[in-house]
Amino acid sequence: MFITCKLRRIKEGVYDGHSAITSPPATMYQLLPAHPSHHVSHAFPFRRDAWRISFGQLDTFDEQDTLAWLARLHELGRLYHLWHQDEIIGQLELSPALVRPDGVQEGYLYLLYLCEPWRGRGAGLWLHDQALARIRAAGSHRAGLRVGSGNTRAANFYRRLGWQPVGTPDARGQLMHHDLFPRPNQEPL
């Protein structure tokens, strides 16, 4: 660890220095496609921990389905690992462009995950901005995600960043949407 400036988010993708803390600057992060050799060592345990946090148990976590899911995401180029120096500290799973039945093109975040020591230190915000940038670059007008009912920390994080709940929560959690291009009477992030 080293002392550096905490990066304060001014708006999406724009940061400035703000008070000294023990944390790396955002430029020290890299988001890279996950390597298949990391599926068992990192991607799978990250997925399992996210399930435990979201649902409070692992009874319904299916290992074979999860490994198949990770292989499919990798095959489609939708599985990324967040690196700090030579350490994998997080994971992003997304589809940048899905066409909904109503014709709206929407990106979807399946997982935005950080290892415990990196939570609450700015890496999640950086990873979130990277995810939305990829979705926006694919031409999507909106992003969606689902937050597990037991994951209040994530739900609060997304609400602070402008995500809005859609409908009522179900067994899978709360669906949320984020408009990527503000309407004329809406302030940008």
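The condition (being surrounded by fewer than 18 Cβ atoms within 10 Å (Cβ to Cβ), over 25 Å from Ala34 (Cβ atoms), modelled with pLDDT under 95 and small (Gly, Ala, Ser)) is satisfied by just one residue among Gly120, Gly103: Gly103. Residues that are in contact with a helix residue (DSSP H, G or I) (Cβ under 7 Å, 6 or more places away or on another chain) and of a type outside the set (Phe, Trp, Tyr) within segment 152-169 comprise just one, Leu161.
Please determine whether any residue of segment 52-67 is more than 23 Å from Asp170 (Cα to Cα), in contact with a Ser or Thr (Cβ under 9 Å, 6 or more places away or on another chain), modelled with pLDDT under 95 and part of a helix (DSSP H, G or I). So far as segment 52-67 goes, no, none of its residues is more than 23 Å from Asp170 (Cα to Cα), in contact with a Ser or Thr (Cβ under 9 Å, 6 or more places away or on another chain), modelled with pLDDT under 95 and part of a helix (DSSP H, G or I). Arg153 meets all of the listed conditions (1) assigned to a helix (DSSP H, G or I); (2) at pLDDT below 95; (3) surrounded by 14 or more Cβ atoms within 10 Å (Cβ to Cβ) but one, namely (3). Taken together, the criteria exclude Ala137 from residues that are surrounded by 18 or more Cβ atoms within 10 Å (Cβ to Cβ) and without any contact (Cβ under 8 Å) to a residue 60 or more places away in the chain. Can you find a residue that is at pLDDT below 95, among the small types (Gly, Ala, Ser), more than 23 Å from Tyr108 (Cβ to Cβ) and surrounded by fewer than 18 Cβ atoms within 10 Å (Cβ to Cβ) anywhere in segment 31-51? Scanning segment 31-51 turns up at least one residue that is at pLDDT below 95, among the small types (Gly, Ala, Ser), more than 23 Å from Tyr108 (Cβ to Cβ) and surrounded by fewer than 18 Cβ atoms within 10 Å (Cβ to Cβ).
Considering only residues in segment 85-97 that are touching a residue at least 12 places away in the same chain (Cβ under 8 Å) and more than 20 Å from Arg159 (Cα to Cα), the one that is surrounded by the most Cβ atoms within 10 Å (Cβ to Cβ) turns out to be Gln91.
Test Ala71 against the stated conditions and say whether it is of a type in the set (A, V, I, L, M), in a helix (DSSP H, G or I), within 24 Å of Arg48 (Cβ to Cβ) and at pLDDT 95 or above. Against the criterion (of a type in the set (A, V, I, L, M), in a helix (DSSP H, G or I), within 24 Å of Arg48 (Cβ to Cβ) and at pLDDT 95 or above), Ala71 does not qualify. Could you check, for segment 82-100, whether at least one of its residues is at pLDDT 95 or above, outside any strand (DSSP E or B) and under 14 Å from the mean Cα position of the chain (by Cα)? No. For segment 24-51, which residues satisfy the criterion of being in a loop (DSSP other than H, G, I, E, B) and closer than 21 Å to Phe157 by Cβ? Of everything in segment 24-51, those that are in a loop (DSSP other than H, G, I, E, B) and closer than 21 Å to Phe157 by Cβ turn out to be Pro24, Pro25.
One residue is enough: does segment 101-114 have a residue meeting the conditions closer than 17 Å to Arg47 by Cα and among the acidic types (Asp, Glu)? Checked segment 101-114: no residue is closer than 17 Å to Arg47 by Cα and among the acidic types (Asp, Glu).
The values are calculated or read from the model by the stated rules, or taken from the named source; none is laboratory data. Computed from a prediction, not measured in an experiment: that's the story for all the values here. We place every Cβ from the backbone using ideal geometry, glycine too, and count neighbours over all the protein chains shown.
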